[in-house]
Amino acid sequence: MGACIASVAGYYPRPAVQAAADKLAVVQFRKLGQSDISVSEISLGSWLTYSGGVAREQARACVEAAFDAGINFIDTANVYGRGAAESLLGEVLAPHERSSYVLATKLYFPMSATDRGLSAEQVHKQIDASLARLRTDYVDLYQCHRYDERTPLEETMGALTEVVQAGKARHIGFSEWPLEKIEDSLAIPGVTRWVSSQPQYSMLWRGPERGLIELCEREQISQIVWSPLAQGVLTGKYRPGEPPPSDSRAASESMGGFIDRLIAPPVLEGVQRLRAVAEQADLEMPQLALAWVLRQANVASAIVGASRPEQVHANASASGVVLSAEVLRAIDEALEGTVAG
């Protein structure tokens, strides 16, 4: 573990290294919806990184770093690398006691020319395929990656309920569903209830604040948010008028396709203004961004990607950080006019 922390210089400034070292043992946990599961406030994702974006041994090192840092929640999906991320995680997690981690995966996006969506056939087919790749008998959380307009909602909910009843998933969740469809699903009698929602949420993307969080608070559904660092933009490593660092996501052919709108000059200028806010709060930029999403009680966990173990440790150090009202106001002032979503 010490070697991982020592090697962080060059990505996070030295104070973040010390902060991460000081807080490795105190990652805090939150209850996931109305389930009996507690998840770490920081969780490890595998969207672009472990589907082929980073080398296998790097990915393995990051997963081991997550365990070292006290992170117990790992999120993936069948479509990440068309099964590659699940297969890698199945291999890396195999030596670990199954009860020592919370594992989530998803379905919806195409896995072949004919396999996609949330029909009953696909729900049953894809859960079995995911479990085989993940080398486990069950996942703790099975999530609908998007809403399927082509399948009756009752059919999807019925199939998910059967998956839970069969013991293949402990709980279910959704990602980026329209509010009215969430409400419709909650009105269906006799089906398993959601425990989680997985929306994009960050200082730069605040869409969940327009109704989703309020609905989920009322229904005891937790948020597990993706892209809380806005794909690395909120670390401050991208600077206006400068090319992206050569080892960054924006410079990567395999991982950079989703970041263009977040590195527009006005956005980067706003992010640079956050540096003074972070310094005043005695925090590093990633800590500030992660603590911002975790300020919401309805957020159970913030999913972070990592291509190096030191990033995992530094991100874990944001757990338990509380931002004052003054800092929150300063964040809004710094980002005025740059917030999307």
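Quick one: order LYS31, LYS106 by neighbouring beta-carbon count within 10 Å, fewest to most.
Values: LYS31 14, LYS106 24.
Least crowded to most crowded, the residues run LYS31, LYS106.
Could you work out how far the C-alpha centroid of the range 272-341 sits from that of the range 30-48, in angstrom?
For the range 272-341 versus the range 30-48, the Cα centre distance is 18 Å.
Lysines near LYS237 by alpha-carbon distance under 27 Å, same-chain residues fewer than 8 away left out - which ones?
LYS23
Run the helix sum for the chain: -39,500 (n - 2.57) per DSSP H stretch of 4+ residues, divided by residue count, reported at 222 nm to the nearest 500 deg cm²/dmol.
Details: 12 runs with 127 residues, N = 341.
Using -39500 (n - 2.57) per qualifying helix, the result is -11000 deg cm²/dmol.
Where in the chain lies the longest segment free of GluC sites (Glu not before Pro) that are both loop residues by DSSP (not H, G, I, E, B) and have at most 14 other Cβ atoms within 10 Å? Present the calculation step by step, with values, prior to reporting the outcome.
Numbers: sites that count: GLU97, GLU149, GLU253, GLU336.
The reported range is 150-252.
Please enumerate, by chain and number, the lysines with C-alpha under 16 Å from the C-alpha of LYS168, excluding those fewer than 8 residues away in the same chain.
Excluding near neighbours in sequence, the set is LYS106, LYS125.
Below 8 Å, C-alpha to C-alpha, sequence gap of six or more: please give me the relative contact order for the range 2-334 in percent.
Working: 605 pairs, mean separation 78.5, N = 333.
Dividing the mean separation by the residue count of the range 2-334 yields 24 percent.
If you take the beta carbon distance between ALA340 and ARG218 as r and set R0 to 22 Å, what does 1/(1 + (r/R0)^6) give as a FRET efficiency, to the nearest 0.05? Let's see the in-between values first.
Numbers: r = 26 Å, r/R0 = 1.18.
Working from the Cβ atoms, E equals 0.25.
How big is the charge dipole of the range 32-114 about its Cα centre, in debye rounded to the nearest 20, if each Lys and Arg gets +1 on its Cβ and each Asp and Glu gets -1 on its Cβ?
In debye, rounded to 20, the range 32-114 gives about 320.
Expressed in nm², what is the orientationally averaged projection area of the convex hull enclosing the Cα positions of the range 2-334?
On the way: hull surface 64.1 nm².
Seen from a random direction, the Cα hull of the range 2-334 projects 16.0 nm² on average.
Calculate the FRET efficiency for GLN272 and GLN296 from the Cβ-Cβ distance with a Förster distance of 35 Å, rounded to the nearest 0.05. Let's see the in-between values first.
Numbers: r = 25 Å, r/R0 = 0.71.
Approximately 0.90, to the nearest 0.05.
Compute the length gained on full extension between GLN280 and ALA132: take 0.36 nm times their separation in residues and subtract their Cα-Cα distance, giving the result in nm to one decimal.
Details: separation 148, 0.36 × 148 = 53.28 nm, distance 4.87 nm.
Result for the pair: 48.4 nm of gain on full extension.
What's the magnitude of the charge dipole for the chain around its Cα centre, counting Lys and Arg as +1 and Asp and Glu as -1 at the beta-carbon? Answer in Debye, nearest 20.
On the way: 31 positive and 41 negative charges, 83 e Å.
Once rounded to the nearest 20, the dipole reads 400 debye.
How much of the DSSP bridge set in the chain is antiparallel, in percent, rounded to the nearest 5?
Values: 4 of 30 bridges.
Percentage antiparallel, nearest 5: 15.
Using a simple spin-label model with points 7 Å from Cα along the Cα→Cβ vector, what separation in nm is obtained for GLU154 and ASP184?
1.2 nm
Just name one of ALA61, MET157, VAL123: the one whose Cα is farthest towards the positive end of the charge dipole of the range 48-160 (beta-carbon charges, Lys/Arg +1, Asp/Glu -1).
The residue sitting most towards the positive pole is ALA61.
From the phi of every residue in the range 117-122, what ³J(HN,Hα) in whole Hz does the Karplus formula 6.51 cos²θ - 1.76 cosθ + 1.60 yield, where θ is phi - 60° and glycine or proline is x?
x, 10, 5, 4, 4, 5
Read-outs throughout are calculated quantities, based only on the coordinates presented, and are distinct from any laboratory measurement. Predicted, not measured: the structure shown is a model, and the values here were computed from it. Note: ideal-geometry Cβ built from the backbone for every residue, glycine included; neighbour counts use all protein chains shown.
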